[in-house]
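Enquirer: A single structure is presented below for examination.
The values are calculated or read from the model by the stated rules, or taken from the named source; none is laboratory data. Fair warning: this is a prediction, and the values are worked out from it, not measured in the lab. As a convention, Cβ positions derive from the backbone with ideal geometry for all residues, glycine included, and neighbour counts pool all protein chains shown.
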Amino acid sequence: MMMRSKDGINWPAKPDLLFAFPFGGSQDPCLLTLRDGTILCTSYSWVFPRADSKIKPPIFSHFTLNAVFNGGYVIRSIDGGRRWEGPYYPPNISFEHNNNAFGEPLPAFNRGALWEGKNGQIYWVVATIDKHSPLVNSTHLLISYDKGITWKYSGVVAKNDSISFSETSVYETPKGDIVAFMRTAHFDGWACIARSKDGGKTFTWEKMGFRGHPITMLRLSDKRVLVTYGYRHQPYGIRAKILNSECTDFLTAPEIILRNDGGTQDIGYPWPVQMDNKRVLIVYYFNKHNGTRHIAGSILQIK
């Protein structure tokens, strides 16, 4: 679903339909507006099969619902989000051995911000399901040269037998490094960063020195980089850091606490957009006192 606001404060009472997946439901849509105005929306879907359906294993199923994971897809709009074309399906990654609900190799997927590079190529860090129990994911870089319609595999971003890397946002620095901000599991909640200096062919990763679930970044008008993230340790909330343009000071940049009144760990997924030179709207998933889950927003004054 989609909602529009002209000021980030006032919102309509009801959302509009963005896209309806015909066989089940979609999860975690992420938007990127390209320099020519094209909007990309990446998401992934779940299929609710009939009792007599014949599903070709191996598959990944939802842990509580009778739903089969169906992998990722992309839709596009060239008129400001009024009409959408697609879906377009990214390729299967060779490390991914699961099938979707229709017996086909699982398309690449992930939740996180994409980035349009200097030359117009689109970067997308996707995930593969390496192990089911416990769930371990690795991350990989895809590149599109036709504004999100087709994708080519570039290389491994982060892979480990025991650490899971998943929901990832990707960024290209002014000097040309490709940087990935990754959520982890089985790693005490530490956020990790991976960096490539060869155009995305090879990456090295390390801890960022703080916990985040997950990270989304925004290049500010002064070229600094705002990273926002959920904090799923008491006090639960939403936090941020402002990094230099090359994203090298993540260990020392001061942490900004936007919210510390979350009710449970079930919060996070912030997404920032710059409103003007001094203000950034950050929207996120939240609950208070373990009550109704909702989307909330904070406006951060930039110094």
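Enquirer: Considering every residue within the stretch 80-92, establish whether at least one is part of a loop (DSSP other than H, G, I, E, B), surrounded by 11 or more Cβ atoms within 10 Å (Cβ to Cβ) and among the aromatic types (Phe, Trp, Tyr).
Expert: Yes, the conditions are met somewhere in the stretch 80-92.
Enquirer: Only one residue in ILE256, ILE215 is over 21 Å from ASN160 (Cβ atoms) and either of a type in the set (D, E, K, R) or out of contact with any helix residue (DSSP H, G or I) (no Cβ under 9 Å at 6 or more places or on another chain) (or both). Which one?
Expert: Only one candidate qualifies: ILE256.
Enquirer: From (1) basic (Lys, Arg); (2) crowded, with 16+ Cβ neighbours inside 10 Å; (3) more than 19 Å from LEU32 (Cβ to Cβ), pick out the condition that doesn't hold for ARG219.
Expert: (3)
Enquirer: Is it fair to say LEU18 is under 27 Å from ARG279 (Cβ atoms), touching a residue at least 12 places away in the same chain (Cβ under 8 Å) and in a loop (DSSP other than H, G, I, E, B)?
Expert: yes
Enquirer: How many of the residues in the stretch 277-296 are surrounded by fewer than 19 Cβ atoms within 10 Å (Cβ to Cβ) and under 17 Å from LYS6 (Cβ atoms)?
Expert: 2
The rows are residues; the columns are (1) hydroxyl-bearing (Ser, Thr, Tyr); (2) surrounded by fewer than 21 Cβ atoms within 10 Å (Cβ to Cβ); (3) more than 21 Å from PRO49 (Cα to Cα).
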| residue | (1), (2), (3) |
| --- | --- |
| GLU104 | no, yes, no |
| GLY112 | no, no, yes |
| GLY117 | no, yes, yes |
| GLN121 | no, yes, yes |
| VAL125 | no, no, yes |
| THR128 | yes, no, yes |
| SER133 | yes, yes, yes |
| ASN137 | no, no, yes |
| LEU141 | no, no, yes |
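Enquirer: Need the failing condition index for LEU243 against (1) among the hydrophobic types (A, V, I, L, M, F, W, C); (2) over 20 Å from SER166 (Cβ atoms); (3) touching a residue at least 40 places away in the same chain (Cβ under 8 Å); (4) in contact with an Asp or Glu (Cβ under 8 Å, 6 or more places away or on another chain), just the number.
Expert: For LEU243, the failing item is (3).
Enquirer: Suppose the filter is farther than 20 Å from ASP28 by Cβ and buried (at least 19 other Cβ atoms within 10 Å of the Cβ); does LYS241 pass it?
Expert: Spelling it out, LYS241 is indeed farther than 20 Å from ASP28 by Cβ and buried (at least 19 other Cβ atoms within 10 Å of the Cβ).
Enquirer: Within the stretch 244-276, can you find the residues that are closer than 30 Å to SER196 by Cβ, among the small types (Gly, Ala, Ser) and surrounded by 21 or more Cβ atoms within 10 Å (Cβ to Cβ)?
Expert: GLY268
Enquirer: Go through the stretch 135-151 and report how many residues are touching a Pro at 6+ places or on another chain (Cβ under 8 Å) and either assigned to a strand (DSSP E or B) or of a type in the set (Asp, Glu) (or both).
Expert: Looking only at that region, the number is 1.
For every residue, the table says whether it meets (1) at pLDDT below 95; (2) within 26 Å of TYR284 (Cβ to Cβ).
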site	(1), (2)
ALA51	yes, no
ILE55	yes, no
PHE63	yes, yes
ARG76	no, yes
PRO91	no, no
LEU114	no, yes
ASN119	yes, no
THR128	no, no
GLY148	no, yes
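Enquirer: Moving to a separate point now. Of all residues being in contact (Cβ under 8 Å) with a residue 12 or more places away in the chain and part of a loop (DSSP other than H, G, I, E, B) in the stretch 21-35, which is farthest from ALA127 (Cα to Cα)? Just the residue, please.
Expert: Only one residue tops the list, namely ARG35.
Enquirer: Go through the stretch 202-213 and count every residue that is within 15 Å of the chain's Cα centre (by Cα) and surrounded by fewer than 23 Cβ atoms within 10 Å (Cβ to Cβ).
Expert: Going through the stretch 202-213 one residue at a time, the tally reaches 1.
Enquirer: Another question about this same structure. For the stretch 37-57, indicate whether the set of residues that are part of a loop (DSSP other than H, G, I, E, B), closer than 22 Å to ILE267 by Cα and under 23 Å from the mean Cα position of the chain (by Cα) is non-empty.
Expert: Taking every residue of the stretch 37-57 in turn, none turns out to be part of a loop (DSSP other than H, G, I, E, B), closer than 22 Å to ILE267 by Cα and under 23 Å from the mean Cα position of the chain (by Cα).
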